[in-house]
Ligand SMILES: Nc1ncnc2c1ncn2[C@@H]1O[C@H](COP(=O)(O)OP(=O)(O)OP(=O)(O)O)[C@@H](O)[C@H]1O
């Protein structure tokens, strides 16, 4: 069963048609980079796909279940990192993770401890109020939270946007060794094409409210003498 099946998804904000019939079928274990210009609708698509935002028409199914009626078990199989972190500002990182641990039937405390240690939450940042953390620290915490329950589907909306180069490298390393190797299906939007080329084998382009092109990076670029950046410019004209 495909973990994500999106059919004819539409979403408008007022008179602005953002999603105009998105069809997107994602096979298990795929690692897909979602590309598109600013404002193309990537965040809107990821939110509608997960049922976090109501769509106007069409459907999205995750692990065979309509996202309008996800059960707890299916929810527990999804990890999501939003573009703007939605953490509880008044808690500390440790309190936040303790709170989420209680909500999930499966929780990989070893992974959480390792990431906290390696990603800079071993010193004072551990017990600081989240509202006082930097943007990059909040993003790291948001990623740790999303990985902690070993989800089978991981959806990341520009996860590295506010990370420094070391943070980006650490994140990509974790994605490659800790996530992709477990056959997790990963969808992530990014504007950093070099990062995408390091981890994603597949890309999908959102343009004009539809997925206009998708496929393996190698096959899309093969024989064209184009870089991914050239392809991006061409497809999103
Ligand atoms: N809540 C909202 N109300 C009104 N318009 C919205 C809302 N959310 C998004 N939009 C509009 O929908 C369009 C798509 O926005 P979205 O954030 O999905 O794009 P994106 O591809 O993720 O962009 P970026 O690459 O800049 O993050 C934009 O024109 C945006 O202004």
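Each principal axis of the Cα atoms in the range 1-138 has its own extent, and those three values, largest first, are 48, 33, 24 angstrom.
Among 75-84, 117-126, what's the highest-first ranking by average C-beta atoms within 10 angstrom per residue? Before the final figure, lay out the partial values.
Numbers: 75-84: 19.3, 117-126: 14.9.
Going by the mean number of other Cβ atoms within 10 Å, highest first, we get 75-84, 117-126.
Can you classify the range 48-106 as rounded, prolate or oblate using the Cα gyration tensor, where a ≥ b ≥ c are the square roots of its eigenvalues, rounded means a/c under 1.5, and otherwise it's prolate if a/b beats b/c and oblate if not? Here the range 48-106 falls in the oblate category. Counted residue by residue at 0.36 nm each, then reduced by the alpha carbon distance between them, the extension gain from residue 71 to residue 10 reaches 19.6 nm. For the range 152-192, list log₁₀ I(q)/I(0) at each q in 0.19 Å⁻¹, using the Debye formula over Cα point scatterers of equal strength and ignoring solvent, two decimals each. Treating every Cα as an identical point scatterer, log10 I(q)/I(0) equals -0.55.
Just the number: Rg to Rh for the range 99-237, Cα atoms, Kirkwood Rh, two decimals.
Numbers: Rg = 17.1 Å, Rh = 16.7 Å.
A ratio of 1.02.
Run through every distinct alpha carbon pair of the chain and return the Kirkwood hydrodynamic radius in angstroms, one decimal place. By the Kirkwood definition, the hydrodynamic radius is 18.4 Å.
Its residues counted as N, the range 93-177 yields a C-alpha radius of gyration over 2.2 N^0.38 Å of 1.02.
Working from Cα pairs under 8 Å separated by at least six residues, relative contact order for the chain is 27 percent. Here the chain carries DSSP beta bridges of which approximately 55% are antiparallel, counting only pairs with both residues inside.
Given the peptides 187-200, 222-235, 40-53, arrange them by the average over their residues of other C-beta atoms within 10 Å, most packed first. If you can, show how the numbers build up before the last one.
Values: 187-200: 19.1, 222-235: 12.7, 40-53: 21.4.
With the highest mean Cβ count within 10 Å placed first, the list reads 40-53, 187-200, 222-235.
FYI, it's all coordinate maths here, none of it is from the lab. Predicted, not measured: the structure shown is a model, and the values here were computed from it. Backbone-built Cβ (ideal geometry, glycine too); neighbour counts: all protein chains shown.
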